[in-house]
1. If I fit a long axis through the Cα atoms of helix 240-251 and take the longest principal axis of the Cα atoms of the chain, what angle between them do I get, 0 to 90°, rounded to 10?
2. Report, in degrees rounded to the nearest 10, the 0 to 90 angle that the Cα long axis of helix 131-146 makes with the longest principal axis of the chain.
3. Which of the chymotrypsin sites (Phe, Trp or Tyr not before Pro) across region 209-279 are loop residues per DSSP, with 13 or fewer other Cβ within 10 Å?
4. Go ahead and set up a Gaussian network model of the chain, Cα springs under 10 Å, then flag whichever of Ala226, Ala189, Ala73 fluctuates most.
5. Grab the Cα-Cα distance for Asp253 and Arg230, subtract it from 0.36 nm times how many residues apart they are, and report the gain in nm with one decimal.
6. Quick check on region 54-150: take the gyration tensor over C-alpha atoms, sort the square-rooted eigenvalues as a ≥ b ≥ c, and tell me if it's rounded (a/c under 1.5), prolate or oblate.
7. Do any trypsin sites (Lys or Arg not before Pro) in region 177-279 lie in a DSSP loop with no more than 12 other beta carbon atoms within 10 Å, and if so, which?
8. Which residue, Ala179, Ala111, Ala71, has the most motion in a Gaussian network model of the chain that connects Cα atoms within less than 10 Å?
Amino acid sequence: MEASGSDGRQSITFPLLRGQKALVTGANSGIGKATAIGLGQVGADVVVNYVAGKDAAEEVVREIEDLGVHAYAHEADVSKEDQVVDMVARMVEEFGTIDVMVANAGLQRDAPISDMTLDQWHKVLDVNLSGQFLCAREAAKEFLRRGVVPEVSRSAGKIICMSSVHQIIPWSGHVNYAASKGGVEMLMATLAQELGPHRIRVNAVAPGAIRTPINRSAWDTPEAEAALLRLIPYQRVGDPVDIANAVAVLASDLLDYVVGTTVYVDGGMTLFPGFATGG
Ligand code: NAP
């Protein structure tokens, strides 16, 4: 199964989120796919959002339903307000409510600053940052309307923003992407402060280098992987399931007192590995 690590290790399976309803954006590929399956494995019903890859999304739905929970796929561009509003409204209709929003969808449009077009800048900011704002807003409205249901969870809802180590590590040639993830950090922290009194928990997960299509060129040859490993003290490239596991636990009441935090899941990439032998 895709949601297990390259070492064959399975994700956690006990029902941490039994009876909860989760929506994962960008859930037909990579980290979002593993996360949607991982949330199903711990008992949640899951909406699998995608924008282009319908067949892949339907395959994820089948994999989740095989776990004995409910799932359906929903096409929506997270950067379009009406589509996000409709997506969450349909979820409330079909599943009754939403308990967990994982704002994961993201993309890159890389270029050196002198070549970067305004379209490339806007596209990345629209999807990676405005998309997370829209998803967080629509989820928060439902959390505020419903409040805490103690038999389901100690909190009224959880928002998990998929950030990146590049919310803190500058990344030349990717100014749009790094700026979007820096923005995600402040979006997350500000919403956590604003929504905390309503028992809504907002946090972020910041992956390091994870084997997915978004960064294939960084790991798909031995030379590329060796160069990448120089940036990772733990000396392995991450798997999508590493992120899925963090999201599942962060969304659960096990971490009910974790509010406004970024969980780095990066094999130590943010530990300034260049200083291990110099500085
Ligand atoms: P991926 O495999 O390329 O998946 C990206 C997903 O985002 C796809 O499901 C794609 O859907 C979806 N998407 C793109 N634009 C969208 C839009 N406008 N509306 C809705 N969905 C949209 O990449 P990934 O590595 O899993 O990335 C997932 C998240 O993790 C991103 O936020 C990324 O920045 C973050 N991240 C990844 C890494 C890494 O090393 N992989 C590291 C740090 C952070 P379609 O296939 O339908 O287009």
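Each value in this text was obtained by applying a stated rule to the coordinates, not by laboratory testing. Here the structure is a predicted model, which is why all the values come from computation and not from measurement. So basically every Cβ, Gly included, is an ideal-geometry build from the backbone, and we count neighbours across all protein chains shown.
1. Value to nearest ten degrees: 40.
2. Orientation of helix 131-146: about 30 degrees from the principal axis.
3. Counting only loop positions with at most 13 other Cβ atoms within 10 Å, the chymotrypsin sites (Phe, Trp or Tyr not before Pro) in region 209-279 are Tyr257.
4. In this elastic network of the chain, the residue with the biggest mean-square fluctuation among Ala226, Ala189, Ala73 is Ala226.
5. 4.7 nm
6. oblate
7. Filter output for region 177-279: Arg230.
8. Highest fluctuation of the listed residues: Ala111.
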